[in-house]
Amino acid sequence: FNGFGQQINRYVNCMGKGMCGTCRVLIREGAENVNPPTLTEKIQFKVPVLPDPLPKFAYAQYGESLRLACQVKVLGDIEVELGPKIDLFGENFFS
């Protein structure tokens with residue numbers, strides 16, 4: 001989340017089970033050095049019936065580079081951006 005939601009994440013999250021989407025990170029470099037997306041990530045980012053739309057909006061903006069930190073196994077050097085901003089009006093969102 002951005003802003004206020006980021007404060008709430010300290011207390012209300014899934015504790016590493018991949019169900020809340022609050023630990024999303026953007027892998028900038030080294031995507032080949034992490035495991036493939038897990039089933040949990042695919043459900044979190046792509047299934048429209050889950051109650052929280054923010055991870056889905058972020059995925060629509062960033063695609064496969066967006067991952068859940070709690071689900072990623074790092075196998076080598078990577079560069080990540082923590083909590084990437086969601087821009088619903090950005091040039092890439094509706095493309």
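Some values worked out for this structure:
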item: Restricting the stretch 77-95 to residues that are open to solvent by less than 40 Å² (accessible area, probe 1.4 Å) and within 21 Å of GLY16 (Cα to Cα), the residue that is modelled with the lowest pLDDT; result: GLY83
item: Residue within the stretch 30-49 that is modelled with pLDDT under 90, open to solvent by 30 Å² or more (accessible area, probe 1.4 Å), in contact with a strand residue (DSSP E or B) (Cβ under 8 Å, 6 or more places away or on another chain) and of a type outside the set (D, E, K, R) present; result: no
item: Residue in the stretch 21-29 that is crowded, with 18+ Cβ neighbours inside 10 Å, modelled with pLDDT under 85 and among the hydroxyl-bearing types (Ser, Thr, Tyr) present; result: yes
item: The stretch 56-70 residues that are of a type in the set (Phe, Trp, Tyr), paired with ones that are open to solvent by less than 50 Å² (accessible area, probe 1.4 Å) and part of a helix (DSSP H, G or I) (beta carbon under 7 Å, 6 or more apart); result: TYR59/PHE45
item: Test: residue in the stretch 51-64 that is under 14 Å from the mean Cα position of the chain (by Cα), hydrophobic (A, V, I, L, M, F, W, C), at negative phi and at pLDDT 85 or above; result: no
item: Verdict on LYS73 being open to solvent by 50 Å² or more (accessible area, probe 1.4 Å) and in contact (Cβ under 8 Å) with a residue 12 or more places away in the chain; result: yes
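The values are calculated or read from the model by the stated rules, or taken from the named source; none is laboratory data. Keep in mind that this is a model prediction, so the values were computed, not measured. When we count neighbours, we look across all protein chains shown, and the Cβ atoms used for this are built from the backbone with ideal geometry, even at glycine. Remember, those area values only see protein heavy atoms, side chains included, never the ligands or the DNA or RNA. Shrake-Rupley method; radii C 1.70, N 1.55, O 1.52, S 1.80 Å.
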